[in-house]
Amino acid sequence: MGENVTFFEKRGYTASWTSVNMELPLDGFDAEHLDIPPAPEGLSYRMATAADMPELLAAVEAAEPNWPSNFESCVDSIYLAVLDRRIVGFEILAPNGGRFLRPGHQVGCVGCVGVIPAEQERGIGMDMVANGIQWLKNQGCTLIELRYVWLEKWYSKLGFQTVRRQWMGEKEL
């Protein structure tokens, strides 16, 4: 990345972050055998329905204010974490969502993962993603892809490995 970054920096571009793309081969993956913190008692998961949309959008707005439009226009499955009959977490699961396709694999994608602020740091996000990955595996996926991630260490706890880095440069015109 070094030469490319220098090229753009000389032309007035700056970047406040670097993102990564990650992948997880699913042969041998089993959410039940991951070494991750336990989620709260009573947490359950299910797919979103049209009736969930108002509460889902409120949860998305609370967790990531720039994301509601991603969920309003989403054609993929939306997986919910539910605690005490409230939506506390969400993620988009795309069984055919791989963009960096790999021959011989059905590549799924996990995206827009979030947990409402009042429930963060309780293991909900990691447990939800692990269960979502298991769902994708059950749909026939053999590999999961993540794009434009900044939580590299967090996702590596689930077994993801970094395959590419992007310098997220921008320039004021």
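All but one of (1) within 20 Å of residue 96 (Cα to Cα); (2) open to solvent by 60 Å² or more (accessible area, probe 1.4 Å); (3) at pLDDT below 95 hold for residue 146; state the number of the condition that does not hold.
Answer for residue 146: the failing condition is (2).
Residues 58, 48: which one is hydrophobic (A, V, I, L, M, F, W, C) and open to solvent by 40 Å² or more (accessible area, probe 1.4 Å)?
Selected residue: 58, the only one of 58, 48 that is hydrophobic (A, V, I, L, M, F, W, C) and open to solvent by 40 Å² or more (accessible area, probe 1.4 Å).
Which of the residues belonging to the stretch 125-140 are farther than 14 Å from residue 159 by Cβ and either surrounded by fewer than 18 Cβ atoms within 10 Å (Cβ to Cβ) or more than 13 Å from the chain's Cα centre (by Cα) (or both)?
135, 138, 139, 140
Looking only at the stretch 83-121, filter to residues that are surrounded by fewer than 18 Cβ atoms within 10 Å (Cβ to Cβ) and of a type in the set (A, V, I, L, M); which one of those is modelled with the lowest pLDDT?
101
The values are calculated or read from the model by the stated rules, or taken from the named source; none is laboratory data. Note that the coordinates shown come from a computational prediction; the quantities given were computed from them, not determined experimentally. When we count neighbours, we look across all protein chains shown, and the Cβ atoms used for this are built from the backbone with ideal geometry, even at glycine. Keep in mind that these areas ignore ligands, DNA and RNA; they rest on the heavy atoms of the full protein, side chains included. Shrake-Rupley method; radii C 1.70, N 1.55, O 1.52, S 1.80 Å.
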